[in-house]
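Structure first, commentary second.
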Amino acid sequence: MDSEVRQKIFYAMTAAVTIATGLVTRAFKDFLPSNNALYGGDTLWAMMVDFWAAVLFTSWSPLRILFLSIIFSFSIEVSQLYHSPLIDTLRSTLPGRLVPGQGFLVSDFFCYSVGACGAFFCDRYLVRRFFLP
């Protein structure tokens, strides 16, 4: 199997596991410590963005992917300041709550930064060294 295909499969699987973990943090928030329940999903969301960017842009460096994922995540958060009936109807659905989000929170910028940086360090120091030669 081609190494680029293997890399895409690996990052897609990593993104899928990250999505599942994020959904679990939302579903079982009553059983988690309050900080995990409040910030875990947003942190994992940014990690997921980073992993999907790695799927799409296999030739990019982890640092470039980090910047893309932070810019994308921050843009989604800022877009939550805009309200219209159509957008608000979309945001009231489950996919609308999970992708574009429901409401603007300044704390999400911190969560996105931590998540994207966490994915960067996993990618740079673990994945590319041990799993994807």
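FYI, it's all coordinate maths here, none of it is from the lab. None of these values were measured; they are calculated from a predicted model. As a convention, Cβ positions derive from the backbone with ideal geometry for all residues, glycine included, and neighbour counts pool all protein chains shown.
Counted residue by residue at 0.36 nm each, then reduced by the alpha carbon distance between them, the extension gain from S75 to L38 reaches 11.3 nm.
Of M47, M13, the sequence from fewest to most neighbouring Cβ atoms within 10 angstrom is M13, M47. Treating each Cα of the chain as one equal point scatterer and applying the Debye formula with no solvent, the log10 of I(q)/I(0) at q = 0.22 Å⁻¹ comes out as -1.31.
Gain in length, F110 to H83, computed as 0.36 nm per residue apart minus the alpha-carbon separation, to one decimal in nm?
Contour length minus the Cα-Cα distance gives 7.4 nm.
What value, in deg cm²/dmol to 500, does the helix sum -39500 (n - 2.57) over DSSP H runs of n ≥ 4 give at 222 nm once divided by the residues of the chain? Rounded to the nearest 500, the figure is -23500 deg cm²/dmol. A viscosity of 0.692 mPa s and a temperature of 37 °C, combined with the Kirkwood radius over C-alpha pairs in the Stokes-Einstein formula, give segment 75-133 a diffusion coefficient of 245 µm²/s. Neighbour counts of C-beta atoms inside 10 Å place S84, S107 in the sequence S84, S107, starting with the fewest.
A protection proxy built from the mean count of other Cβ atoms within 10 Å ranks the segments 76-82, 2-8, most packed first, as 76-82, 2-8. When the chain is modelled as a GNM with alpha-carbon springs shorter than 10 Å, which of I70, I87, I19 fluctuates the most? Looking only at I70, I87, I19, the largest GNM fluctuation is found for I87. If R0 is taken as 22 Å, the Cβ-Cβ distance between L23 and R64 corresponds to a FRET efficiency of 0.20. The modelled label-to-label distance between A12 and L90, using points 7 Å beyond Cα along the C-beta direction, is 2.5 nm.
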